[in-house]
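What follows is a set of notes on a single structure, which appears directly below.
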Amino acid sequence: MAAALARAYAPAADPRLIVALDVPTRAEAEALVEGLGDAVAFYKIGLQLLASGGMEMARDLKRGGREVFLDWKLHDIGATVEKATAAVVASGACDFLTVHAEPQVLAAAVRGRGDERSAKILGVTVLTSLNGQDLAEIGYGMGVEALVERRIRQVIDAGADGVVASPHEAAIARRVGGPDFLVVTPGVRPDWAGKDDQARAATPAETLRNGASHIVIGRPVTAASDPRAAALRIAEEMAGA
């Protein structure tokens, strides 16, 4: 597989666009990557694909010149997160790794990463499927923006590299984190695509103008009748932001 991916890859692809390989099987993910070809250079592998050969595919993508975002949202006791992060980083299979943005979890992930700074630790602030009412039902005594800002500051204090935040909180992350802070934004939906289960969505151009460093897009590309054409259309919108 790695050789095929290397032949398809072209460095002209916009590195700010991350396509989510949220599909059930490695075979489906491989077909998407090969079909997208030179249109995409960065891929997200989440929990669904992890159970179907996701780590092996991550290694193959890296060997083929792609960048990989392992969106695993690690959340456990510190010792477990530290060891898991160390194992992932040692595998050389990722550029970005997510953990939940809680102080103990963040600190453990940073310890586990050690001096291998090529692997960036991102704290997940508030899931993009949640709104203020959802947070109240969970038991938080603050709204989305206040919780996101608190978690951004906790990410910075822990020495992590950035956050995952919705397009509507990207401006907060950029303001608090500064110019070099990574702001990775899921919940991005072009005007011509449905919002699906994203409660706080925005278009690619809006998201970049709000301060995002990278955008994550899944179904508008992966479920399109022509995924490569959809990715190129999104990249064109990004270029004009």
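Values in this text are rule-based calculations from the coordinates and carry no lab data. On a predicted model such as this, the values are computed, not experimentally measured, just so you know. For neighbour counting, all protein chains shown are included, and Cβ atoms are generated from backbone atoms with ideal geometry for every residue, glycine included.
Mean-square fluctuations from a GNM of the chain, with a 10 angstrom spring cutoff on Cα atoms, peak among I77, I138, I156 at I138. Which listed residue (G46, G218, V163) has the Cα farthest towards the positive end of the charge dipole for the range 2-239, taking +1 on Lys and Arg C-beta and -1 on Asp and Glu C-beta about the Cα centre? The residue sitting most towards the positive pole is V163. Shown for E82, E116: other C-beta atoms within 10 Å of each C-beta, ranked fewest to most, produce the order E116, E82. Answer rounded, prolate or oblate for the range 85-226, using the Cα gyration tensor with square roots of eigenvalues a ≥ b ≥ c: rounded when a/c is under 1.5, else prolate when a/b is larger than b/c, else oblate. Because a/c hits 1.5 or more and a/b fails to exceed b/c, the range 85-226 counts as oblate. Judged by the gyration tensor of its Cα atoms, with axes a ≥ b ≥ c, the range 2-239 is oblate; a/c meets the 1.5 cut and b/c is at least as large as a/b. Ordered by the number of other Cβ atoms lying within 10 Å of each residue's own Cβ, fewest first, T128, T25 fall into the sequence T25, T128.
By the rule of a C-alpha distance below 14 Å, with chain neighbours fewer than 8 residues away ignored, the aspartates and glutamates paired with K73 are E82, E102.
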